[in-house]
Amino acid sequence: MMANPQPFLRLYMLLYFQCGLRSSEALAVSPRTWNPETHAVTIPVKGKKMRTAEVTPEVETLFLAAHAEPTDHRSYIELLRGRQVTAHSIRQQWQAHRDKCGISNAVTAHDLRRTAATILYAATKDLRVPQQLLGHQNLASTLRYIAPMAPDEARRYAELLRFDKFHTEVKQ
């Protein structure tokens, strides 16, 4: 999926997956929001709050490819595409690319965000890690993003909780 997207679409997907941004947040990332010294963007998010998210070197490379002035207010996605991008047009581009790659119609760009959260949780077993990536204040919000366990994995963990596995000697 990441092999051949156009640079603007690649940036969109990376902002979702590597930075945990939502679509509207990815579309708000501009030269004015990026601080190359801290390797982070500060953008408006849900609830009229501001959020700072670290960006990866791959994302920064795409920022630099846009050849923008630091005061430019246009999104990096627009700069890389060469024309205005709306939520509708980026969704259409995502769907066309997804279809070209032979990926199910059920997969949305937002699934990149969910996948990133699940991967981080599986690797760390620390809910605070995906919570931080996603920018959630409430841990319950993060829990909705983590993919449920496969039935075999749930059974394996349930085995750990069987009382008959614990043998204690009763002293008389």
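Could you list, in sequence order, all residues of the range 80-101 that are aliphatic (A, V, I, L, M) and in contact with a helix residue (DSSP H, G or I) (Cβ under 8 Å, 6 or more places away or on another chain)?
As a first pass, look at the range 80-101 and keep what is aliphatic (A, V, I, L, M): 80, 85, 87, 90, 96.
Residues satisfying the conditions are Leu80, Val85, Ala87, Ile90.
Determine whether the range 21-40 contains at least one residue that is in the same structural domain as Leu79 (by TED's automatic domain parsing), among the charged types (D, E, K, R) and in a strand (DSSP E or B).
We begin by selecting, within the range 21-40, every residue in the same structural domain as Leu79 (by TED's automatic domain parsing); these are 21-40.
If we keep only those that are among the charged types (D, E, K, R) too, we end up with 22, 25, 32, 37.
So of that shortlist, the ones also in a strand (DSSP E or B) come out as none.
The answer is no; no qualifying residue exists.
Let's see how each residue does on (1) crowded, with 19+ Cβ neighbours inside 10 Å; (2) closer than 30 Å to Asn138 by Cα:
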site	(1), (2)
Pro44	no, yes
Gly47	no, yes
Ala68	yes, no
Asp72	no, no
Leu79	yes, no
Thr86	no, yes
Ala96	no, no
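Residues that are within 17 Å of Gln6 (Cα to Cα) and β-branched (Val, Ile, Thr), at least 2 per element: which helices (runs of 4 or more DSSP H) completely within the range 48-158 meet that? Please lay out each step first, then the result.
Values: elements: 57-65, 76-81, 87-100, 110-124, 128-134, 139-143.
Answer list for the range 48-158: 57-65.
Pairs only if they're at least six apart or on different chains, beta carbon under 6 angstrom, first in the range 113-131 and free of Cβ contacts under 8 Å to residues at least 12 places away in the same chain, second of a type in the set (Ser, Thr, Tyr) and surrounded by 15 or more Cβ atoms within 10 Å (Cβ to Cβ); list them, first residue then second.
Gln131/Thr142
When you check Tyr121 against the structure, is it of a type in the set (Ser, Thr, Tyr), at pLDDT below 90 and not assigned by TED's automatic domain parsing to the domain that holds Asp99, yes or no?
On the way: of a type in the set (Ser, Thr, Tyr): yes; at pLDDT below 90: no; not assigned by TED's automatic domain parsing to the domain that holds Asp99: yes.
No.
Condition check ((1) small (Gly, Ala, Ser); (2) over 10 Å from the mean Cα position of the chain (by Cα); (3) under 21 Å from Gly47 (Cα atoms)) across all residues:
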residue: Cys101; (1), (2), (3): no, yes, no
residue: Asn105; (1), (2), (3): no, yes, no
residue: Thr108; (1), (2), (3): no, yes, no
residue: Arg114; (1), (2), (3): no, no, yes
residue: Leu120; (1), (2), (3): no, yes, no
residue: Leu133; (1), (2), (3): no, no, yes
residue: Ala140; (1), (2), (3): yes, yes, yes
residue: Tyr145; (1), (2), (3): no, yes, yes
residue: Pro148; (1), (2), (3): no, yes, no
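The values are calculated or read from the model by the stated rules, or taken from the named source; none is laboratory data. Note that the structure is predicted; figures quoted are calculated from it, not measured. Neighbour counts are summed over all protein chains in view; Cβ atoms, including those assigned to glycine, are modelled from backbone coordinates with ideal geometry.
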